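Chemist: Structure incoming, see below.
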Amino acid sequence: MNNQCDINQLFGEISWQGFIEQYWQKKSYYVQGQNTEYFASLISRQEIDTLIKTNGGKTDFVISLIGGKIVNPEKGVGHKAPSYWTAENVFESFEKGSTIRLGNIASHCLSIRKLQQHFEANLQTDININLYLTPPGSRAFGAHYDDHDVFIVQISGSKIWKLFSPAEESPVEVLHRGRAGWLKKEMPGSKKVRPLPIPDEEWSVKMQAGDLLYVPRGHVHQVYSEDEESLHLTVAVTVVTWYEVVVQALLETLKESDALREALPPDISNRNFNTPYFNNRIAEVKADLEKHLTPEIMRDSVNEIARRFVVSRNPVPDKSAPVPEFSLITRMRIRPDMVYRVEENRREMVFYYSGSYLLVQYELSGVLEYILAQKEFMIADLPQENSELVRINFIRKLFEGGFLEITS
């Protein structure tokens, strides 16, 4: 595979659609040696060293040193402020067995940003990519599971991944839009103990350069290097759940429900909650939820989440693209990994696309529909209900907005 990202090639013979149907959110999936050239092009060991030497110690550089040697581990340095992790301290801890973790690596590396955008476009959710550089005979974490799905991109070296049965079915990250200090705090006696008791072992794999591994959320995994250094990316996928749809829908329900907006009594810590007052209030809240949390509001909630996903994307700019003179023989295509959505109102259509939007008059609806259906086209082939000038101006707007690009 070359240094261009193709989602179908990433997943080998099964293709992306086959992966979604057979494995996504169900079970782990391993692709061996399919992407060696492309993964190697994402980032090199030398580039990582340069990043650390250039940015180490800066407060906006997300770096941490975690874990240690498996045999005769030294005491780690513990949590440190970003300013501690100068290049000297980073490489010293690495030599002692700690794994270098670079968070949000896509913000520092364009090729990884394009990979991130590729996953965003195909999974329609937020993607975060961390880089892990592990010395020989070391591990970053003990056995654990995540509340998000992960794709492992092995760039160089090798690492053992032991995969186990799920410890929890489809865990979710709980949303705390307010009072996070109360609700995210671990209660006495309730803290999860990690490393977790290991369920029945399923299988293990030695990840090598060019390999890809998918691990669903909730699945326990144990990871370590053996006799060589390992460099991999963790592509973390925070899926959108129906739980979030309900939370979004409740924001609309709040506007209509006096019961939901009513304050709790100021002495709740000393109250007995099985009383006529609380029973009546609970009944009122339940009735309001049934009244206002309707299927229509739920659909509106999904629509709002979809719209906000599209406009929150930040596409990779193509600064090398010249501003052309368009003609009927100009060939165009939708830029790779664009996400978009079309909505209609009385006067016009609203065309949302990665990080932007365009108001489209209904007389151009046929042109837009043709573009979205064909993906790649010549301007002369567009529906001709409009004049040549109108069609070219519309194409120019989509080009200047970053939705379209010129093909060779």
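The values are calculated or read from the model by the stated rules, or taken from the named source; none is laboratory data. Just so we're clear, the structure is a prediction, and the values are computed from it rather than from any experiment. No Cβ is skipped: glycine too gets one built from the backbone with ideal geometry, and neighbour counts run over all protein chains shown. Remember, those area values only see protein heavy atoms, side chains included, never the ligands or the DNA or RNA. Shrake-Rupley method; radii C 1.70, N 1.55, O 1.52, S 1.80 Å.
Chemist: Residue 333 versus (1) under 30 Å from residue 240 (Cα atoms); (2) part of a helix (DSSP H, G or I); (3) open to solvent by 70 Å² or more (accessible area, probe 1.4 Å); (4) not small (Gly, Ala, Ser): which is the lone unmet condition?
Modeler: The failed condition is (2).
Chemist: For the stretch 367-400, enumerate the residues that are among the basic types (Lys, Arg) and assigned to a helix (DSSP H, G or I). Spell out how you get there, then give the answer.
Modeler: At the first step, the residues of the stretch 367-400 found to be among the basic types (Lys, Arg) are 375, 391, 396-397.
Hits for the stretch 367-400 are 391, 396, 397.
Chemist: Could you tell me how many of the residues in the stretch 21-32 are open to solvent by 30 Å² or more (accessible area, probe 1.4 Å), among the hydrophobic types (A, V, I, L, M, F, W, C) and either touching a helix residue (DSSP H, G or I) at 6+ places or on another chain (Cβ under 7 Å) or over 18 Å from residue 169 (Cα atoms) (or both)?
Modeler: Summing the residues that are open to solvent by 30 Å² or more (accessible area, probe 1.4 Å), among the hydrophobic types (A, V, I, L, M, F, W, C) and either touching a helix residue (DSSP H, G or I) at 6+ places or on another chain (Cβ under 7 Å) or over 18 Å from residue 169 (Cα atoms) (or both) in the stretch 21-32 gives 0.
Chemist: Another question about this same structure. Please go through the stretch 359-408 and pick out each residue that is buried (at least 17 other Cβ atoms within 10 Å of the Cβ) and among the aliphatic types (A, V, I, L, M).
Modeler: Residues satisfying the conditions are 360, 364, 367, 368, 371, 379, 382, 392, 395, 398, 404.
Chemist: Something else: Test each condition in (1) touching a Leu at 6+ places or on another chain (Cβ under 7 Å); (2) part of a helix (DSSP H, G or I) for residue 220 and report the one that comes out false.
Modeler: Condition (2) is where residue 220 drops out.
Chemist: May I ask you to list the residues in the stretch 75-132 that are of a type in the set (A, V, I, L, M, F, W, C), in contact (Cβ under 8 Å) with a residue 60 or more places away in the chain, under 17 Å from residue 150 (Cα atoms) and not in a helix (DSSP H, G or I)?
Modeler: Restricting attention to the stretch 75-132, the residues satisfying the condition of being of a type in the set (A, V, I, L, M, F, W, C) are 77, 81, 85, 87, 90-91, 94, 100, 102, 105-106, 109-110, 112, 115, 119, 121, 123, 127, 129, 131.
Remaining after also requiring in contact (Cβ under 8 Å) with a residue 60 or more places away in the chain: 105, 109-110, 112, 115, 119, 121, 123, 127, 129, 131.
In the following step, the residues that additionally are under 17 Å from residue 150 (Cα atoms) were identified as 105, 112, 115, 119, 121, 123, 127, 129, 131.
Passing the criteria: 127, 129, 131.
Chemist: Restricting the stretch 133-166 to residues that are in contact with a His (Cβ under 8 Å, 6 or more places away or on another chain) and outside any strand (DSSP E or B), which is nearest to residue 90 (Cα to Cα)?
Modeler: Checked the stretch 133-166; the qualifying residue nearest to residue 90 (Cα to Cα) is 143.
Chemist: Test of understanding: among 260, 289, 233, 250, which residue is under 39 Å from the mean Cα position of the chain (by Cα), open to solvent by less than 60 Å² (accessible area, probe 1.4 Å), under 30 Å from residue 138 (Cβ atoms) and touching a residue at least 24 places away in the same chain (Cβ under 8 Å)? If you could, list the steps in order and put the result at the bottom.
Modeler: Working: 260 fails: under 30 Å from residue 138 (Cβ atoms); 289 fails: under 30 Å from residue 138 (Cβ atoms); 250 fails: under 30 Å from residue 138 (Cβ atoms).
Only one candidate qualifies: 233.
Chemist: Restricting to the stretch 107-135, name every residue that is open to solvent by less than 10 Å² (accessible area, probe 1.4 Å) and touching a Lys or Arg at 6+ places or on another chain (Cβ under 9 Å).
Modeler: 129, 131, 133, 134, 135
Chemist: Can you report the number of residues in the stretch 102-150 which are of a type in the set (Lys, Arg) and more than 18 Å from residue 40 (Cα to Cα)?
Modeler: So the first thing to find is which residues in the stretch 102-150 are of a type in the set (Lys, Arg), and the list is 113-114, 139.
Okay, now just the ones that are also more than 18 Å from residue 40 (Cα to Cα), so 139.
Residues in the stretch 102-150 being of a type in the set (Lys, Arg) and more than 18 Å from residue 40 (Cα to Cα): 1 in total.
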